[in-house]
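Structure first, then comments.
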Amino acid sequence: MTENKQFLINDQQTGRLDAVLAQLDQEYSRSQVASLIQKKHVLVNGKDVKSSYKVQAGDKISINPPQPVASELVPQDIALDIVYEDDDLLVVNKSRGMVVHPAPGHPDGTLVNALLHHAPLSSINGEFRPGIVHRIDRDTSGLLMVAKNDHAHQVLSEQLKAHKNTRLYYALVQGEFDEDEGQIDAPIGRHPVDRKKQAVLAQGREALTHFKVKECYPGYTLLELRLETGRTHQIRVHLAYIGHPVVGDPLYGKGSLATNLGQKGQLLHAKTLSLTQPSTGQELTFTSDLPPYFTDVLAKLEPIIRIKDNLDKEY
């Protein structure tokens with residue numbers, strides 16, 4: 001976030017400076033805008049103003065963010081659960097709580113730091129995300145593929161874009177389902193108010209999640225979910241949207257539900273991953289067991305026996 005930007009305000013964009021800028025430039029949250037204003041990195045008509053300044057039509061606003069302090073991505077000797085490895089790629093079983101790559105607030109101790117200590121990685125995604133073909137959230141556990149060279153990265157990325165990979169997740173969600181399977185087809189974009197969140201928005205990007213009921217419990221359901229697209233927080237946003245948030249999700253659900261079940265984090269696990277080996281063309285499929293904290297919760301719940309209708313019944 002280091003690019004200087006300028007805006008010329010029209011009569012449809014008036015209001016408080018911090019609110020107007022947060023709407024004009026979706027790179028920044030309103031709190032980030034307020035911080036930039038306070039530190040005099042925002043000028044209106046060439047002058048310092050406060051966040052409460054009332055923007056008028058014709059105002060010229062400039063954002064001149066500070067340049068980041070140079071840093072170095074350091075390899076760190078952190079234990080990895082490697083499910084598969086060859087000359088082109090790795091498949092890693094990521095633990096819940098591990099950040100995938102460095103970001104504000106998480107400069108090190110990430111999966112990337114650990115991977116750099118283990119093997120060379122592709123450079124396509126830049127200095128701070130080497131090898132990362134796709135992400136899973138910090139509080140989601142499970143399988144992640146990592147590219148060790150640029151050729152493999154490009155091929156794996158093309159597979160994702162063409163929806164040729166199978167990515168199955170298991171989630172314990174709030175509430176019970178009447179149907180045995182279905183899909184959630186709802187576009188996702190950045191939340192208009194809370195910039196840390198995503199939301200279902202008419203102007204968002206296409207997002208499609210398939211779900212299948214694996215087990216029913218009083219007040220909860222274990223789902224298998226298949227991603228057809230890969231939007232940020234897609235599963236969590238979609239499940240909250242239909243009224244069945246992931247148990248323990250601190251952002252889109254009720255984290256207290258997990259505490260009631262003896263857990264302090266969300267119950268979402270990337271269980272199955274399939275891909276085509278970039279050099280040999282071999283089809284590979286990997287499966288990861290649910291982690292103990294997940295199975296411990298399931299063991300506390302009493303399954304509900306579902307009586308299905310006779311599918312051969314004639315009408």
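Using mean projected area of the Cα convex hull in nm² as the read-out, say which of (i) 18.0; (ii) 16.1; (iii) 21.0 was calculated from these coordinates. Recomputing mean projected area of the Cα convex hull in nm² here picks out (iii). Exposure proxy shown here: for R96, R226, the number of other Cβ atoms within 10 Å sets the order, fewest to most, as R226, R96. Quote the relative contact order of region 163-315 in percent (integer), defining contacts as alpha-carbon pairs under 8 Å separated by 6+ residues. Relative contact order of region 163-315: 24 percent. Phi angles of region 80-90 translate, via the Karplus equation with coefficients 6.51, -1.76, 1.60 and θ = phi - 60°, into HN-Hα couplings of 10, 9, 8, 7, 7, 8, 9, 5, 9, 7, 10 Hz per residue; Gly and Pro are given as x. Under a 5 Å amide H cut-off, with hydrogens placed 1.01 Å from N, G175 pairs with Y220, T221 among residues at least 5 apart or on other chains.
Histogrammed with a bin width of 5 Å, the alpha carbon distances of region 27-126 distribute as 2, 10, 16, 15, 11, 8, 8, 9, 8, 6, 4, 2 percent, first bin at zero. Can you list the trypsin sites (Lys or Arg not before Pro) in region 1-54 that are in a DSSP coil and have 16 or fewer other beta carbons within 10 angstrom? Those satisfying the criteria are K39, K40, K50.
Normalising the average separation of contacting C-alpha pairs (under 8 angstrom, six or more residues apart) by the number of residues puts the relative contact order of region 5-63 at 51 percent.
Remark: region 213-222, residue by residue, has Karplus-estimated 3J(HN,Hα) of 6, 9, 7, 10, 9, x, x, 9, 9, 8 Hz, where x stands for each Gly or Pro and the curve is 6.51 cos²θ - 1.76 cosθ + 1.60 at θ = phi - 60°. Please report how far the C-alpha centroid of region 137-205 lies from that of region 13-48, rounded to the nearest whole angstrom. Centre-to-centre distance over Cα atoms comes out at 31 Å.
Return a whole-number percent for the relative contact order of the chain, with Cα pairs under 8 Å and 6 or more residues apart as the contact set.
13 percent
Using the Cβ-Cβ distance between R135 and L8 with R0 = 41 Å, the FRET efficiency computed as 1/(1 + (r/R0)^6) comes to roughly 0.70.
With a/c under 1.5 counting as rounded, go ahead and sort region 163-315 into rounded, prolate or oblate using the C-alpha gyration tensor (a ≥ b ≥ c being the square roots of the eigenvalues; past the cut-off, prolate if a/b is larger than b/c, else oblate). Here region 163-315 falls in the rounded category.
Throughout, read-outs are computed from the coordinates displayed, never taken from laboratory work. Bear in mind that the values here come from a model prediction, so they are computed numbers and not experimental data. Positions of Cβ are generated from backbone atoms using ideal geometry, with glycine treated the same way; all protein chains shown enter the neighbour counts.
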